[in-house]
Structure formats: structure tokens, C-alpha cells
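Trainee: So that we are looking at the same thing, I have put the structure below in C-alpha cells.
The values are calculated or read from the model by the stated rules, or taken from the named source; none is laboratory data. Owing to the predicted nature of the structure, the values given are computational and were not obtained by experimental measurement. All Cβ positions, even for glycine, are placed from backbone atoms using ideal geometry, and neighbour counts span all protein chains on display. Side chains are part of the model used for accessible areas, which takes the heavy atoms of the whole protein and leaves out ligands, DNA and RNA. Shrake-Rupley method; radii C 1.70, N 1.55, O 1.52, S 1.80 Å.
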Amino acid sequence: MVVCGDDGLVHRLAAELSGLYGERVTLVVPPAGEGRRRPAAAQGRAAALFGRMTGAVGRGANGGSTAAVRVVEAPGPDDEALAEAGVERAMALALVYDDDETNIQAALRARRINPRLRLVIRLYNRRLGQHLEQLLDQAALVGDADAGTTVLSDADTAAPALVAAAVAGTSKVIEAGGLLLRAVERPAPGPGAVAAPGVCTLALLSDGDGPDLLPGEQEAERAVTRGRIVLETVRYTESAPVPASRLAAARSLPLGSFFSRRLRWALLGLAAAVCGLAVASWLVVEESSAQHAMYLSLLDLFAINDPAKDESTGRKVLQLLSGLVGLLLLPLLLAAALEGLGTFRSASALRRPPRGLSGHVVLLGLGKIGARVLVRLRELGIPVVCVERDPQARGISLARSLRVPTVIGDITEEGVLEAAKIGDSRTLLALTSSDTTNLEAVLYARAVKPDVRVVMRLYEDRFARAVYRTLRDSHPRALTRSRSVSFLAAPAFAAAMMGRRILGAIPVERGVLLIAALDVAGCAELEGRTAAQACRPGAWRVLAVDQGPDGRSPGAQPAEPPAGHVLGPGDRVVVAATRQGLADLLGRRSRPRTDVR
């Protein structure tokens with residue numbers, strides 16, 4: 001296995017492959033001092049900040065074993081670096097540089113060097129990724145199932161988990177064919193109470209020693225004082241017509257606010273006055289039709305009619321009143337023109353948070369991760385206020401097109417978070433690439449609003465656990481979550497390199513449960529056992545069984561796995577597994593069949 005990259009994901013992925021799957025890994029990284037991200041240094045600065053403010057956390061060292069990893073230092077993935085890494089003999093290559101262009105060029109070189117190579121490529125541009133998969137698969141050795149290409153995005157992988165952690169009432173939903181699985185967090189049932197039923201208990205939440213993943217049934221029944229994450233089944237229903245996208249509507253010009261409310265009322269009153277003058281003129285002027293009376297009123301209004309010297313007193317009074325209304329019309333028309341021009345000019349400008357906004361999500365950071373999270377939040381119809389220091393950040397244009405209120409400024413400056421109305425918000429999502437910035441924003445938000453729900457992006461595990469415990473002890477009634485994007489994305493990349501398909505990842509505090517589709521054929525732990533027996537507490541559990549062409553047809557309403565059904569070589573199962581459990585399952589088969597998209 002060869003992994004090439006320049007940030008934290010490359011180290012997570014190497015640890016995943018060597019520590020869990022037992023693979024020999026060659027790491028291609030930039031020379032020391034040239035890497036884009038230095039996790040240890042960033043974590044040290046964040047720990048120093050946290051230590052000064054709480055006195056509870058010390059610096060943590062990066063963990064992970066690299067005994068089975070060979071490191072090749074190279075400025076980039078050129079032909080020489082790929083040859084030194086042994087790409088011509090490798091089974092799989094992962095290209096996880098932060099730059100899409102670098103990954104594409106390296107993928108083309110690697111496919112030319114080794115047509116049998118399985119490629120896993122990190123790309124932010126999803127449409128380009130689809131075309132690249134087709135191109136590289138055509139260039140692969142014909143008939144070789146292992147020489148597939150999988151394009152993944154760490155932003156797309158992590159965004160659902162970040163949104164689910166931040167939004168109350170939003171559950172993690174994973175689709176497995178026609179089966180919809182939803183993981184929900186439930187409080188402890190309490191002594192003498194019975195936990196609400198579900199398909200299974202995925203995890204028991206931390207009581208000080210960390211969460212217990214995939215506990216046995218008896219263990220879950222005894223843990224009445226611990227919160228839990230339970231898996232539920234959402235029944236299949238026929239697809240309903242998709243309504244017009246809220247995102248498309250948000251990109252259009254807001255015609256309802258073309259004129260201000262005060263100006264609209266003024267124009268409406270003026271129109272009513274003109275109509276009243278026309279009716280009065282029709283009644284006063286003899287032998288005058290309604291159309292002629294309206295015409296005379298408009299001429300008087302614009303001061304282009306002859307003076308009514310020889311007319312009746314009523315006609316003279318109406319002409320004077322029409323002239324007065326005409327004087328009022330001129331500034332209103334000018335104001336309407338200026339407001340209309342301002343509306344067109346501000347349609348491409350960033351909005352400010354409106355007055356009276358409350359219960360919203362404050363999203364800190366509009367980089368690659370923040371932009372994907374913003375789209376997810378808008379799809380759910382959740383009000384968002386963004387904060388970004390760089391006016392040229394990737395997500396600024398997206399926020400402008402979606403007309404999302406955005407504050408440009410550094411959170412270390414006074415008044416920036418106040419401008420985002422952090423005191424009236426429901427959740428703070430701190431997703432910048434700097435641990436220091438994220439931690440400082442969380443600490444400041446808690447000082448302003450102690451019960452605000454916070455989800456922060458932190459890289460290093462031990463440091464994140466220390467931060468989590470201290471914040472939880474300081475504010476026990478407020479929800480605190482920390483997530484690592486590379487930690488969430490690494491299992492999906494590693495499984496793709498092994499030729500497996502990960503349907504989704506469910507974060508459990510700083511751990512993660514994987515939902516994967518596996519073929520039973522060749523797996524000693526699954527083949528010949530019933531669905532109820534194919535379970536190892538703390539490692540894996542079978543959630544659903546697809547019996548292939550002899551069973552239910554695709555798209556039919558799925559059910560929970562039949563307890564008495566014996567798994568055969570033609571079956572495919574959906575399993576929930578820890579990372580180590582999935583590695584054990586893959587290691588106990590004759591040779592995992594490739595299952596690439």
C-alpha cells in the first residue's frame with residue numbers, strides 16, 4: 001500500500017492501514033518543514049491556550065505506531081518519488097494531497113506506471129471526480145477487477161457527521177440499498193426503567209472511561225445509567241416528488257424585498273390618492289367619463305395641463321390638490337429608483353445578520369469543510385450565520401449566492417462573535433483548520449452563553465479528550481462535541497484501498513462506527529452462521545441481509561435480519577463494525593473481492 005499526501009489525513013490513513021489491517025505501507029510526504037499542516041505544533045499552541053485559561057490541560061503528544069510504515073520524503077508525487085515508493089508493485093495507491101490538481105496529475109502517472117493499481121483519490125470537485133473515475137478505469141488493465149478507481153472527498157465524508165452533532169433533532173441517516181438506518185442519541189433510562197426499543201444498541205456513551213462500542217445485549221440492559229446511541233430502521237416508502245430546491249430559490253433575486261416596506265406603503269397611498277382624485281374629478285366635471293377624468297387627473301399630477309382659470313371652483317381645487325400630490329410623487333419615484341438600484345447591487349453582497357435573529361447556528365470557518373457543512377445546513381432549512389476571516393475563502397461566494405448572513409473578521413478581535421449574535425444562537429460550529437482558533441471561539445462563546453451547544457474541530461486525540469472532559473465538567477448541562485475531519489475520513493479511504501465499500505460512519509464521541517456492505521463468501525466469521533450468531537460484542541454486528549437474486553428484489557421493503565437465516569456464499573450483509581472489527585472481518589476471508597464504485 002502506498003499513501004501520498006501532505007496533511008493530517010495521510011498520517012491517519014497510514015495508521016489505519018498498518019495498525020488495523022496489518023498492511024505494509026509506504027508513505028510519500030514532503031520533506032520536514034515543507035508540509036502544509038503541522039499537527040503537533042498546532043496542537044501545542046492550542047494546548048498552551050487552553051492551559052492558560054483553565055489550568056486543566058497539558059500538551060498531548062501525537063499517538064499512533066509507525067513500525068510498519070516506510071517513509072519516502074519527496075516534494076511531490078513525481079515519477080521518481082512514485083518509483084521509489086514501489087508503485088509498480090503496489091496493490092493500492094491513495095493520493096490525499098490537499099490540492100486537486102496534484103492528485104489528478106499523480107493519478108495519471110500512477111495509472112501509466114501500473115495499470116493493475118487500485119487508486120483512491122481525494123478530490124473536492126465532485127463532478128470532476130466522476131469523469132476522472134471513468135477516465136482512469138478505461139486506462140486500467142481490461143478485465144482486472146482490482147484495478148478500479150474510487151474518488152472520495154474528506155469534506156463530503158465528514159460534513160454529515162458534523163451537522164448531525166451540531167443540530168438538535170437531526171439524526172445520522174445511512175442508506176443501504178432500500179434500507180434506511182438512523183442512529184439517534186438517547187439519554188440514560190435510569191434505574192428500574194427499560195430503554196426504548198430499537199434495532200440494536202450501537203454504543204454506550206462515556207462515563208469517564210470512554211464509550212463502549214457495539215455492546216452485548218446483556219451489557220446494554222445493565223447500563224441503565226449511561227446514555228446510548230441506538231440504531232433505528234426507517235421503513236422504505238415510495239419516492240415522493242422532489243419539491244423545488246431551497247438552494248435554487250435562495251440564489252434568485254429577492255423580489256419581495258425589491259422595495260422597502262415603508263416605500264411600498266407610501267407608493268400604495270399615493271396610488272390611492274390619485275384614484276380618489278380621479279373619482280372626484282369624474283363627479284365634479286360635468287359630461288366627463290371615468291377615463292377622461294383619470295386622464296385629466298394625471299395631466300394635473302404631472303403639471304402638464306392648462307390652468308383651470310375658467311373652470312368651476314371644484315375643478316380648480318382638484319387641480320391644486322393634484323399638483324400637491326405630484327410634488328409628493330417626485331421624491332418617491334427617486335427613492336424607488338435608488339432602492340431598486342441598491343437591491344441589484346446588494347444581490348451579490350454579503351448579508352448582515354438581521355435584527356431579532358435567534359436559535360441559529362454560528363458557523364466559524366468557510367473553507368472546504370465549512371462550505372460543505374453550510375450546504376447541508378441550508379438543505380435542512382436551518383438558519384446560519386457564518387464567520388470567516390479571509391474574504392477570499394472558498395465558501396464566501398457560496399454564502400453570497402445562498403444569501404447567508406456572513407461576518408468578515410477574526411474571532412480574536414472584539415465584537416466579531418457578537419456581530420454573529422452568538423448570545424442568541426443555539427449552536428457554535430468551529431471548523432477552521434486551526435485548533436487554537438476553534439478552541440478560543442468555543443471558550444469565548446461559553447463565556448457569553450454557558451449553555452450554547454458547541455462542536456469544534458480538533459486534530460489530536462488525547463488533547464481533544466482533555467478539552468472535552470474539562471468543558472463537560474465546567475458546563476455539564478451544555479452539549480460539547482469535538483471532531484477530527486481526518487479521523488472521520490480515514491476509515492472510508494482505508495476501506496476503499498482494501499476494495500470495500502463503506503456506506504457511512506457514525507461518530508461516537510472521539511470514536512467511529514463504520515457501516516459497511518460485505519460479501520459473505522470466503523468470510524469464516526459470517527459464512528454458515530445465522531444472522532443472530534454473526535455478532536461479536538465490541539467488534540461487529542450484522543444489521544441487514546440481502547439474499548441476492550433468490551431473496552428480496554432490490555427496492556423492496558427491507559426488514560431486520562431474519563434471526564434463523566443461515567448466511568451463505570451468495571449473501572451480502574450490512575454490518576456495523578468498529579475499525580478493528582472491520583479489519584478482522586476482512587482479514588478472515590480468503591481474499592477480499594474488490595467492490596469499487
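Trainee: Which condition does residue 373 not pass, out of (1) farther than 30 Å from residue 9 by Cα; (2) of a type outside the set (Gly, Ala, Ser); (3) part of a helix (DSSP H, G or I), if it passes all the others?
Mentor: For residue 373, the failing item is (1).
Trainee: Return yes when residue 87 is surrounded by 15 or more Cβ atoms within 10 Å (Cβ to Cβ), farther than 19 Å from residue 31 by Cα, among the hydrophobic types (A, V, I, L, M, F, W, C) and modelled with pLDDT of 90 or more and no when it is not.
Mentor: Details: surrounded by 15 or more Cβ atoms within 10 Å (Cβ to Cβ): yes; farther than 19 Å from residue 31 by Cα: yes; among the hydrophobic types (A, V, I, L, M, F, W, C): yes; modelled with pLDDT of 90 or more: yes.
Against the criterion (surrounded by 15 or more Cβ atoms within 10 Å (Cβ to Cβ), farther than 19 Å from residue 31 by Cα, among the hydrophobic types (A, V, I, L, M, F, W, C) and modelled with pLDDT of 90 or more), residue 87 qualifies.
Trainee: Considering only residues that are aliphatic (A, V, I, L, M) and over 11 Å from residue 585 (Cα atoms), look in the range 522-533 and name the one that is least open to solvent (accessible area, probe 1.4 Å).
Mentor: Within the range 522-533, the subset aliphatic (A, V, I, L, M) is 524, 526, 531-532.
When the remaining residues are screened for being over 11 Å from residue 585 (Cα atoms), the result is 531-532.
Values: 531: 9, 532: 68 Å².
Once the filter is applied, the top-ranked residue is 531.
Trainee: Kindly establish whether residue 530 is within 33 Å of the chain's Cα centre (by Cα), at pLDDT 80 or above and of a type in the set (S, T, N, Q). Break it down stepwise before answering.
Mentor: Values: within 33 Å of the chain's Cα centre (by Cα): no; at pLDDT 80 or above: yes; of a type in the set (S, T, N, Q): yes.
No: the conditions fail for residue 530.
Trainee: Out of all the residues in the range 376-417, which are within 16 Å of the chain's Cα centre (by Cα) and in a helix (DSSP H, G or I)?
Mentor: 376, 377, 378, 379, 396, 398, 399, 402
Trainee: Still on this structure: Kindly state which helices (runs of 4 or more DSSP H) lie completely within the range 73-145 and contain at least 3 residues that are closer than 22 Å to residue 492 by Cβ.
Mentor: Working: elements: 79-85, 100-113, 126-139.
Because the criterion is at least 3 residues that are closer than 22 Å to residue 492 by Cβ, the helices (runs of 4 or more DSSP H) in the range 73-145 that meet it are 100-113, 126-139.
Trainee: Kindly indicate whether residue 380 is open to solvent by 60 Å² or more (accessible area, probe 1.4 Å), over 27 Å from residue 9 (Cα atoms) and aliphatic (A, V, I, L, M).
Mentor: Details: open to solvent by 60 Å² or more (accessible area, probe 1.4 Å): yes; over 27 Å from residue 9 (Cα atoms): yes; aliphatic (A, V, I, L, M): yes.
Criteria met by residue 380.
Trainee: Please specify each residue of the range 1-30 satisfying the condition of being within 20 Å of residue 155 (Cα to Cα), outside any helix (DSSP H, G or I) and open to solvent by 30 Å² or more (accessible area, probe 1.4 Å).
Mentor: 6
Trainee: Does residue 516 satisfy being modelled with pLDDT of 80 or more and in a helix (DSSP H, G or I)?
Mentor: Numbers: modelled with pLDDT of 80 or more: yes; in a helix (DSSP H, G or I): no.
Answer is no for this residue.
Trainee: When both residues are 6+ apart or on different chains and their Cβ atoms are under 7 Å apart, which pairs have a first residue that lies in the range 397-425 and is in contact (Cβ under 8 Å) with a residue 60 or more places away in the chain, and a second that is open to solvent by 40 Å² or more (accessible area, probe 1.4 Å) and hydrophobic (A, V, I, L, M, F, W, C)?
Mentor: Going by the 7 Å Cβ cut-off, the qualifying pairs are 422/448.
Trainee: Is it the case that residue 309 is assigned to a loop (DSSP other than H, G, I, E, B) and over 60 Å from the mean Cα position of the chain (by Cα)? Don't jump to the end; show me each part of the working.
Mentor: Working: assigned to a loop (DSSP other than H, G, I, E, B): yes; over 60 Å from the mean Cα position of the chain (by Cα): yes.
Criteria met by residue 309.
Trainee: A further question follows. Being open to solvent by 10 Å² or more (accessible area, probe 1.4 Å) and under 25 Å from residue 16 (Cβ atoms), is that true of even one residue in the range 438-457?
Mentor: yes
Trainee: Within the range 485-511, which residues are assigned to a loop (DSSP other than H, G, I, E, B) and more than 17 Å from residue 213 (Cβ to Cβ)?
Mentor: Within the range 485-511, 498, 499, 500 qualify.
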